[in-house]
Amino acid sequence: MSNAPARPAPDEEWDDLLRQLRAQPPAQPRPYFYQRVHARLAAGAPAAAVALPGWLRRPAYAVLLGGVVLALSGDGATFRPAARGGQAASSPRLLPR
């Protein structure tokens, strides 16, 4: 037989621990905590409005917008037939209406 003292049951140990935790005063922030947080947030905020709109700051939208502009601003060269042997490639040609 062992001569070890009797230990309390695990439930009693937990109850004692929880009682000790409840007896502690609630945690309080250090002095001037909220003032420091407010000052840090104010310092990190943008001072002036950004020149670009919000949707243009996202690269996917900017690329999409650029593609649409390029597609719509073309001169229609892709819809014309290829230049024949007698014509120079750089001479402009009127399209029939």
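Any chance the range 66-73 includes a residue that's closer than 30 Å to Arg97 by Cα, modelled with pLDDT under 90 and assigned to a loop (DSSP other than H, G, I, E, B)? Yes, some residue in the range 66-73 is closer than 30 Å to Arg97 by Cα, modelled with pLDDT under 90 and assigned to a loop (DSSP other than H, G, I, E, B).
The set of residues from the range 1-33 being loosely packed, with under 10 Cβ neighbours inside 10 Å and either in a helix (DSSP H, G or I) or among the β-branched types (Val, Ile, Thr) (or both) comprises Pro10, Asp11, Arg19, Gln20, Leu21, Arg22, Ala23. Taking the numbered list (1) at pLDDT 70 or above; (2) exposed (fewer than 10 other Cβ atoms within 10 Å of the Cβ); (3) within 19 Å of the chain's Cα centre (by Cα) in turn, Ala49 passes all entries but (1).
The combined condition, being among the small types (Gly, Ala, Ser) and modelled with pLDDT under 90, is not fulfilled by Ala23.
The values are calculated or read from the model by the stated rules, or taken from the named source; none is laboratory data. Since the structure is predicted, the reported quantities are computational estimates derived from the model, not experimental observations. Glycine also receives a Cβ, built like all others from the backbone with ideal geometry; neighbour counts cover every protein chain displayed.
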